[in-house]
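Following: one structure in structure tokens, then a few remarks.
The values are calculated or read from the model by the stated rules, or taken from the named source; none is laboratory data. Fair warning: this is a prediction, and the values are worked out from it, not measured in the lab. With ideal geometry, Cβ positions are generated from the backbone for all residues, glycine too; neighbour counts draw on all protein chains shown.
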Amino acid sequence: MGQKWKKPDPEKTYYSIQEAAEILSVHPNTIRNRIKDGSLPAGRVGYQWRIAAEDLRAMLEPKNRRSKN
């Protein structure tokens, strides 16, 4: 059974934690934990976290493709 990811919106440049969680089909706390441990880069805008679209797309790539860079 494969992952059921939603396709990121090509027009958006940043996503909220909730939006990222919906795209990756995980709980928002999983996204928060990835930000906290440094495996998902993110920045704060006021009190909210924002994840760059390119970083979110990198999470969607298979690990073996990410390590070739």
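Do you know which of the residues in region 36-69 that are within 17 Å of Tyr15 (Cα to Cα), out of contact with any helix residue (DSSP H, G or I) (no Cβ under 8 Å at 6 or more places or on another chain) and part of a helix (DSSP H, G or I) is modelled with the highest pLDDT?
Lys36
Can you name the number of the only condition in (1) surrounded by 18 or more Cβ atoms within 10 Å (Cβ to Cβ); (2) at pLDDT below 90; (3) of a type outside the set (Lys, Arg) that Asp9 fails?
Result: Asp9 passes all but (1).
Consider Ala21 carefully, then state whether it is in contact with a His (Cβ under 9 Å, 6 or more places away or on another chain), at pLDDT 90 or above and not charged (D, E, K, R).
Against the criterion (in contact with a His (Cβ under 9 Å, 6 or more places away or on another chain), at pLDDT 90 or above and not charged (D, E, K, R)), Ala21 qualifies.
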